[in-house]
């Protein structure tokens, strides 16, 4: 896995590790290509980088880490301090069928392996969380859209209403078994 340091993030000083309770899924809002993870990672790292970052970018054939797990990526206001952000190649406007096409199926397989490892490493339950679960402080796997609804700090809806969150979490569980 390549590491390309994002320009904007919050380094956590040495000491006790931050408590991770969430893995937050996003869509990159970029073309589905084999170099999308690398391109978005370079964008996060560039001189004209947005005031945003994620821990990982995943496309159909690669994963690029952009922020160390120990540090805080700027990916989902309300969930940055206790979340790990995972960007998926694709768009929030994708249909259910588009999330299951050949390219996206490979993205989801790679992402499921990554998320299974993140859940293991940070002791995050392999449970899908909606906005209500977030509001009551539950731990698990969620989306930027659910974070936006729960905390009202952004208007992002990614990875979209058609994203197969339950099927994805089942893929994560199978990978972890």
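Structural remarks
- Taken together, the residues in the stretch 56-78 that are surrounded by fewer than 20 Cβ atoms within 10 Å (Cβ to Cβ), in contact with a helix residue (DSSP H, G or I) (Cβ under 7 Å, 6 or more places away or on another chain) and not in a loop (DSSP other than H, G, I, E, B) amount to 1.
- Members of the stretch 92-108 that are surrounded by 14 or more Cβ atoms within 10 Å (Cβ to Cβ), closer than 19 Å to residue 38 by Cα and more than 13 Å from the chain's Cα centre (by Cα): 103, 104, 106
- Members of the stretch 140-149 that are more than 16 Å from the chain's Cα centre (by Cα) and not in a helix (DSSP H, G or I): none
- Qualifying residue in the stretch 130-139 (condition: touching a helix residue (DSSP H, G or I) at 6+ places or on another chain (Cβ under 7 Å), farther than 21 Å from residue 63 by Cα, assigned to a loop (DSSP other than H, G, I, E, B) and modelled with pLDDT of 95 or more): yes
- Looking across the stretch 150-177, just one residue is surrounded by fewer than 17 Cβ atoms within 10 Å (Cβ to Cβ), touching a helix residue (DSSP H, G or I) at 6+ places or on another chain (Cβ under 6 Å) and part of a helix (DSSP H, G or I), and that is 176.
- Only residues that are assigned to a loop (DSSP other than H, G, I, E, B) and free of Cβ contacts under 8 Å to residues at least 60 places away in the same chain were counted in the stretch 88-122, giving 1.
- Any hit, the stretch 8-19, residues being more than 23 Å from residue 129 (Cα to Cα), in contact (Cβ under 8 Å) with a residue 60 or more places away in the chain and touching a helix residue (DSSP H, G or I) at 6+ places or on another chain (Cβ under 8 Å): yes
- Test: residue 81 is in a loop (DSSP other than H, G, I, E, B), touching a strand residue (DSSP E or B) at 6+ places or on another chain (Cβ under 8 Å), more than 18 Å from residue 162 (Cβ to Cβ) and in contact (Cβ under 8 Å) with a residue 24 or more places away in the chain: yes
- Test: residue 25 is in a helix (DSSP H, G or I), touching a helix residue (DSSP H, G or I) at 6+ places or on another chain (Cβ under 9 Å), at pLDDT 95 or above and under 17 Å from residue 160 (Cα atoms): no
The values are calculated or read from the model by the stated rules, or taken from the named source; none is laboratory data. The structure displayed is predicted, hence computed values, not measured ones. Ideal geometry is used to build each Cβ from the backbone, glycine not excepted, and the neighbour counts take in all protein chains shown.
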